[in-house]
There are 2 protein chains.
Amino acid sequence: MFKPVTIKDIAKALGLSPSTVSRALRDGYEISPETKRIVKEYADKIDYRSNPIALSLKGRRSYSIGVVVCEVANSFFSQAINGIESIAYNKGYRVIISQSHDLYEREVINTKHLANSSVDGLLISMAAETTDFSHLSSLHENGLPIVFFDRVIDQIQTHKVIVNNFSSAFEATELLIKRGHSRIAHLASAPHLSITTERMDGYTAALNKHSIAFNPEYVQYCPHGGRIYGEVEDAVKKLLSLPDSADAIFVSSDRLSIGCLRALKKFHLNPEDMPVAGFSNSDVVELLKPTLSYVRQPAFEMGRIATELLIGLIEAKYPVTEFETKVLDTELFLNDGPLATGSKSV
Amino acid sequence: MFKPVTIKDIAKALGLSPSTVSRALRDGYEISPETKRIVKEYADKIDYRSNPIALSLKGRRSYSIGVVVCEVANSFFSQAINGIESIAYNKGYRVIISQSHDLYEREVINTKHLANSSVDGLLISMAAETTDFSHLSSLHENGLPIVFFDRVIDQIQTHKVIVNNFSSAFEATELLIKRGHSRIAHLASAPHLSITTERMDGYTAALNKHSIAFNPEYVQYCPHGGRIYGEVEDAVKKLLSLPDSADAIFVSSDRLSIGCLRALKKFHLNPEDMPVAGFSNSDVVELLKPTLSYVRQPAFEMGRIATELLIGLIEAKYPVTEFETKVLDTELFLNDGPLATGSKSV
DNA sequence: TAAATTTATGCAATCGATGCCGGGATTCCG
DNA sequence: CGGAATCCCGGCATCGATTGCATAAATTTA
């Protein structure tokens, strides 16, 4: 079987001790230049690579970070993972991915599995189902660096990376209002997610500003984030079948936006009849047929920043007590191209 | 800092030796039931978990598999990764993702990094740029289990998972022919990729069958797989500006299909004027405006199968010498919904 | 009762790399 | 020329868990 070269092989071949070889390779000051040269040349010749597992055991560091997202096959998260990977790669960390599928149990198992000393830190976006955070608090209290992104929680004090959910939702809703709609429905994800409440607040604030009464019947939650068959379609159907049917829809998540369009297409509704504004990071939004005005999150950037913060925590010499919540700006695109932007970055 | 419980802690607390604790936990036959009970109860109480890194060092197994794809943020690959993760999770393996961005150098570095004893096996879909396979052959010869999927190579004998590229391309092309087109262009990815040549063969075979002369001018390659700005648009422009302009396009990759539609939209061409059939795993194809007839690959299934094969290799008691190439079926969807299917699965 | 056997546990080596300590050899200085 | 400083390098322990072998205690057998 595969038997990699070890430091002992080099030592034996060169008639040195393992410790000498080790120090020579890491440029220890106590090794003569001549010996260093010999060792390095030989190591190079036989393509020696240090065993990261042995290093991890010794140094209590694995140079890997764990990522927990609800699913990889979602534009927002795959873009975020792209950003995560780009930073991790540059800093010499491996990225270990796991999916919660928005299930509490899976999230718990995955985080435990990752944390169990095999990962130096954790990047996580909460599952829709999760309402108990003890699996994360205990890890965090034990000193495992954690950074949240997108779906964050208040209960744990650490770095977080999000977008200006409130104002993004506000602007998307206001856009519909300015286009003459007043019976604006809101299709939202699981009620207790940070992104749901913040975006909901933006939605109601926009209604308020324009003196439109908030109608609870116009709000439909999808507790499973659209992950259950028919969930979105049923929600849309309800909105359409109200006595005083909605005349526009604001959707507060990527997956739901697409589901909403699909439902509308099924019901043969044109964008003129039922305009939709929603969050989406799909890379083909501008080619969609029931058109969509959409809020696009800087997913890649969010992944990058979250990873930088995490590695900062991991490599911090002293315990970090000052945490920051990075709030990035989104972009609002209208049916036919960019038109307005979210509160611009400074 | 975070100091996990070790087997020694248990030993000390219980007045036993580490070896006894170890054997008790793994149900060694030589330990009395009473001792086992005590040890297990205590381990459970203090939430002991074995250190996977120590296990890896001892057992030369890391229970992790490396994945190299060109990019995560691509429907096909993110769906495949979803499949990979689902199997790996069930069998207790971690998944370590890395992206080549279709760059040869990145692929080499990533594979070396992964293989360097930290991974039990490798799942890889080749980068567009790669033409030299020595980085993989050497690993393979050293006994590292490797399974290829989607973009495979002939030079290494191991399990492979692909789709029936030839017949999928054949049927997609024939669809355009049956709809009355004869000047069918072909937009393809990097020329040396397995998927490119196989799909190209299907394309020409369809032309042959219907006695349509093959016109090399109708073939445009995108050596960077559409990863370079303007690459796809320029290719489409060329096809349109031929003296005898093409009247339909067959596109042989996911990314290019979307790029092609985008270019057509930019040039204000309707699907009636320039129908497109192409490979795509986007989850919103049926909502696209310049419509697309598309070949959909069972990406999730491919990931699943590739992972099962890989774990089979990893856990094989004896060296495996019989390799198989799994060929899965695709589905062909017409502009407005499913209509014909690829050679059906049995 | 002594010997053989079983049972239950501990010791020590191992995996690969590194850090600490100590020691031999050379060089330096008085 | 002798003692000290310096320079290089080897030995041993360590990280956490496993495992072959040794061994003490308990039990059975002769």
Exercise for the section: Could you tell me the total accessible area buried at the A-B interface, probe 1.4 Å, in square angstrom to the nearest hundred? Expected result: 5000
Problem - Amide hydrogen neighbours beyond the local backbone of A:Val251, cut-off 5 Å, H modeled - result: A:Leu187, A:Ala277, A:Gly278, A:Phe279
Fill in the blank from the handout: Short to long, in 5 Å steps from zero, the percent of alpha-carbon pairs of the range B:167-298 per bin is 2, 12, 24, 26, 23, 11, 2, 0
Exercise for the section: Determine the equivalent ellipsoid of chain A by diagonalising the alpha-carbon gyration tensor, then write out the semi-axes as square roots of 5 times the eigenvalues, largest first, rounded to whole Å. Expected result: 51, 19, 18
Fill in the blank from the handout: With label points set 7 Å from each Cα along the Cα-to-Cβ direction at A:Lys91 and A:Ser245, the distance between them in nm comes to 5.2
Problem - Neighbourhood net charge (14 Å Cβ-Cβ; Lys/Arg +1, Asp/Glu -1) for B:His135 - result: -3
Completion exercise
Taking the label point 7 Å from Cα along the Cα-Cβ vector, the copy-to-copy distances for B:Ile46, listed from shortest in nm with one decimal, are 4.0
Handout entry: Solvent exposure, largest accessible area first (probe 1.4 Å, DNA, RNA and ligands not counted), of A:Asp329, A:Asp47
Key = A:Asp47, A:Asp329
Handout entry: Fully extended contour minus Cα-Cα distance, from A:Asp154 to A:Ile109, at 0.36 nm per residue
Key = 14.1 nm
Exercise for the section: For chain A, set up a Gaussian network in which alpha carbons nearer than 10 Å are linked by springs, and say which option among A:Ile53, A:Ile153, A:Ile87 fluctuates the most. Expected result: A:Ile53
Problem - For the range A:129-238, the Rg and Dmax computed from alpha carbons only, in angstrom - result: 16.6, 54
Fill in the blank from the handout: Copies of B:Ser134 compared via label points 7 Å along Cα→Cβ give distances in nm, shortest first, of 5.8
Fill in the blank from the handout: The FRET efficiency for A:Phe323 and A:Tyr229, from their Cβ-Cβ distance with R0 = 45 Å and rounded to 0.05, is 0.70
Problem - Cα-projected label distance for B:Lys237 with B:Arg61, points at 7 Å along beta-carbon direction, nm - result: 5.6
Practice task
Would you check the accessible area of B:Tyr93, probe 1.4 Å, heavy atoms only, in square angstrom rounded to 10?
Solution key: 10
Problem - Range in chain B, longest, excluding exposed trypsin sites (Lys or Arg not before Pro) [loop by DSSP; at most 11 other beta-carbon atoms within 10 Å] - result: B:27-316
Practice task
Would you calculate a helix-derived [θ] at 222 nm for chain A, using -39,500 (n - 2.57) for each DSSP H run of n ≥ 4 and dividing by the full residue count, to the nearest 500?
Solution key: -13000 deg cm²/dmol
Practice task
Once you have all Cα-Cα distances for the range B:7-50, histogram them in 5 Å bins from zero and send the whole-percent values.
Solution key: 5, 27, 41, 22, 4
Exercise for the section: Calculate, for B:Lys45 and B:Asp201, the FRET efficiency according to 1/(1 + (r/R0)^6) with r their C-beta to C-beta distance and R0 56 Å; round to the nearest 0.05. Expected result: 0.30
Problem - Cβ-vector label at 7 Å, A:His210, separations to other copies in nm - result: 4.9
Completion exercise
Expressed in Å to one decimal, the Kirkwood Rh of the protein assembly as shown from all distinct alpha-carbon pairs is 27.5
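The values are calculated or read from the model by the stated rules, or taken from the named source; none is laboratory data. Keep in mind that this is a model prediction, so the values were computed, not measured. Ideal geometry is used to build each Cβ from the backbone, glycine not excepted, and the neighbour counts take in all protein chains shown. For the accessible areas, the whole protein counts, side chains as well, though only heavy atoms, and no ligand, DNA or RNA atoms are used. Shrake-Rupley method; radii C 1.70, N 1.55, O 1.52, S 1.80 Å.
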